[in-house]
Amino acid sequence: MSIDKLQVKQLEERANRLRIEIIKIMGRYGYGHIGGSLSIAEMIAVLYFHELKVDPKNPKWEDRDRFILSKGHACFTQYVALAELGFVSKDVLRHPYEVDSPMQAHPELGEFPGIEMTTGALGQGLSAGVGMAIGAKLRNRGFRIYVLLGDGEMNEGQVWEAIMLASKYKLDNLVALVDYNNFTLSGKTTEVMPLDPLMEKFQAFGWCAMEVDGHSVEQLVAALDSARQIKDKPTAIIAHTIKARGFVPLENKTESHAANIKQEQAMEALRALGCSESEIQQAFRE
């Protein structure tokens, strides 16, 4: 699936729009998992607006591709993308965390259309993805399964059990993307639990593995294209990213995992992302 310069620009603009909407929401509320939400903006943009076969008018279409956000605390990026696609009204985005709102701090299957798996308890998403991939093979269906994991989440033993199982069953319809932003909840990955050489570890477990700049739309598209050509083994795409990308006061800081956000900080970040002054004032006036 080739991509031209215009499509690259459009996907970059999609990623920027995701960041803008996330910062608006968290700025209004004053709190959120901003670090991991902003680091995956390009991955979510490429997946939902280029790679995945999904139908907002028929969220349960049997032959749709499945996407699982295993690092569920970053779900605001997914919520915004699903709203942009039309799975829900954008008005839903103005009511996070509220009682009876589908937009909670972690994604829940059956509450927000387009969510394929309840996540938040880290380490479980890839196992669910393996099950879906096996199911597709058994039923001879052509849909593909994509799972996005956090680098801190790679500490979970269940992840490695799923990695072994995916290799055993030669799940070439499964792609794992790792948001390698170098931070866990409690510190740098190099200090909490070193992961490297992560690509070689995937390869040793029988996967095709590659590394990309997780903020490069072109590299992400090329990696996903390559994954489609791989036969008899799953693919891991290790995406190197910057935690809290686009929100300068918290970029590359552990405390960005879940942070209090001042309205003035949010407004300044929105200006830096190219948001118009009228849009900024509108966002915080209502």
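The values are calculated or read from the model by the stated rules, or taken from the named source; none is laboratory data. If you're wondering where the values come from, they're calculated on a predicted model, not measured in any experiment. Methodologically, a virtual Cβ is constructed for each residue, glycine included, from the backbone with ideal geometry; neighbour enumeration extends over all protein chains shown. Quick note on the areas: whole protein, heavy atoms, side chains included, nothing else; ligands and nucleic acids left out. Shrake-Rupley method; radii C 1.70, N 1.55, O 1.52, S 1.80 Å.
Take region 184-200 and flag every residue that is over 16 Å from His257 (Cβ atoms), assigned to a loop (DSSP other than H, G, I, E, B) and under 20 Å from the mean Cα position of the chain (by Cα).
Matches in region 184-200: Leu195 only.
Given Gly131, Gly120, Gly125, which one is closer than 21 Å to Ile22 by Cβ and open to solvent by 20 Å² or more (accessible area, probe 1.4 Å)?
Testing whether each residue is closer than 21 Å to Ile22 by Cβ and open to solvent by 20 Å² or more (accessible area, probe 1.4 Å) leaves just Gly120.
Among the residues of region 1-29, count how many are hydrophobic (A, V, I, L, M, F, W, C) and under 30 Å from Ala258 (Cα atoms).
Of the residues in region 1-29, the ones hydrophobic (A, V, I, L, M, F, W, C) are 1, 3, 6, 8, 11, 15, 18, 20, 22-23, 25-26.
Filter again for under 30 Å from Ala258 (Cα atoms), leaving 11, 15, 18, 20, 22-23, 25-26.
Of the residues in that region, 8 qualify.
How many of the residues making up region 208-249 are open to solvent by less than 20 Å² (accessible area, probe 1.4 Å), aliphatic (A, V, I, L, M) and either at pLDDT below 95 or over 17 Å from His33 (Cβ atoms) (or both)?
12
Give me the residue from region 30-58 that is under 20 Å from His95 (Cβ atoms) and either surrounded by fewer than 16 Cβ atoms within 10 Å (Cβ to Cβ) or among the small types (Gly, Ala, Ser) (or both) and, out of that set, farthest from the chain's Cα centre (by Cα). Even if it seems obvious, please write down each step before you answer.
Start the filter on region 30-58 by keeping residues that are under 20 Å from His95 (Cβ atoms), which leaves 30-34, 37, 56.
Within this subset, residues satisfying the condition of being either surrounded by fewer than 16 Cβ atoms within 10 Å (Cβ to Cβ) or among the small types (Gly, Ala, Ser) (or both) are 30-32, 37, 56.
Values: Gly30: 22, Tyr31: 19, Gly32: 16, Ser37: 7, Pro56: 18 Å.
Here the residue is Gly30.
Restricting to region 137-150, name every residue that is of a type outside the set (A, V, I, L, M) and in contact (Cβ under 8 Å) with a residue 12 or more places away in the chain.
Step one: of region 137-150, the residues of a type outside the set (A, V, I, L, M) are 137, 139-144, 146, 150.
Within region 137-150, Lys137, Arg141, Gly142, Phe143, Arg144, Tyr146, Gly150 qualify.
Of all residues in region 92-107, which are free of Cβ contacts under 8 Å to residues at least 40 places away in the same chain and either among the acidic types (Asp, Glu) or under 12 Å from Cys75 (Cβ atoms) (or both)? First the steps, then the outcome.
So in region 92-107, the residues free of Cβ contacts under 8 Å to residues at least 40 places away in the same chain come out as 92, 95, 98-104, 106-107.
Listed by number, the residues that qualify are Glu98, Asp100, Pro102, Met103, Gln104, His106, Pro107.
Can you confirm whether region 108-122 contains a residue that is of a type in the set (A, V, I, L, M, F, W, C), within 15 Å of the chain's Cα centre (by Cα) and under 19 Å from Gly246 (Cα atoms)?
The answer is no, given that none of the residues of region 108-122 is of a type in the set (A, V, I, L, M, F, W, C), within 15 Å of the chain's Cα centre (by Cα) and under 19 Å from Gly246 (Cα atoms).
Considering every residue within region 212-232, establish whether at least one is in a strand (DSSP E or B) and out of contact with any Pro (no Cβ under 9 Å at 6 or more places or on another chain). Give the derivation first.
Going through region 212-232, the residues in a strand (DSSP E or B) turn out to be 212-213.
Of the ones still in play, those that are also out of contact with any Pro (no Cβ under 9 Å at 6 or more places or on another chain) are 212-213.
Among the residues of region 212-232, at least one is in a strand (DSSP E or B) and out of contact with any Pro (no Cβ under 9 Å at 6 or more places or on another chain), which makes the answer yes.
Could you tell me which of the residues Glu153, Glu116, Glu84, Glu62 is part of a helix (DSSP H, G or I), more than 18 Å from Leu185 (Cβ to Cβ), touching a residue at least 24 places away in the same chain (Cβ under 8 Å) and touching a Lys or Arg at 6+ places or on another chain (Cβ under 8 Å)?
When all the criteria are applied, what remains is Glu84.
Scan region 181-207 residue by residue and report those that are in contact (Cβ under 8 Å) with a residue 12 or more places away in the chain, open to solvent by 10 Å² or more (accessible area, probe 1.4 Å) and among the hydroxyl-bearing types (Ser, Thr, Tyr).
Across region 181-207, the qualifying residues are Thr184, Ser186.
Taking Ile68, is it modelled with pLDDT of 95 or more, crowded, with 22+ Cβ neighbours inside 10 Å, of a type in the set (Val, Ile, Thr) and over 19 Å from Gln282 (Cα atoms)?
In short, yes.
Take region 260-279 and flag every residue that is among the hydrophobic types (A, V, I, L, M, F, W, C) and surrounded by fewer than 20 Cβ atoms within 10 Å (Cβ to Cβ).
Met267, Ala272, Leu273
For Ile238, all conditions in the list (1) within 18 Å of the chain's Cα centre (by Cα); (2) without any contact (Cβ under 8 Å) to a residue 24 or more places away in the chain hold save one; what is the number of the exception?
Single failed check for Ile238: (2).
Only one residue in Asp100, Asp91, Asp55 is out of contact with any strand residue (DSSP E or B) (no Cβ under 6 Å at 6 or more places or on another chain), outside any loop (DSSP other than H, G, I, E, B), of a type in the set (D, E, K, R) and over 24 Å from Leu165 (Cβ atoms). Which one? Even if it seems obvious, please write down each step before you answer.
Values: Asp100 fails: outside any loop (DSSP other than H, G, I, E, B); Asp55 fails: outside any loop (DSSP other than H, G, I, E, B).
Exactly one of Asp100, Asp91, Asp55 is out of contact with any strand residue (DSSP E or B) (no Cβ under 6 Å at 6 or more places or on another chain), outside any loop (DSSP other than H, G, I, E, B), of a type in the set (D, E, K, R) and over 24 Å from Leu165 (Cβ atoms), namely Asp91.
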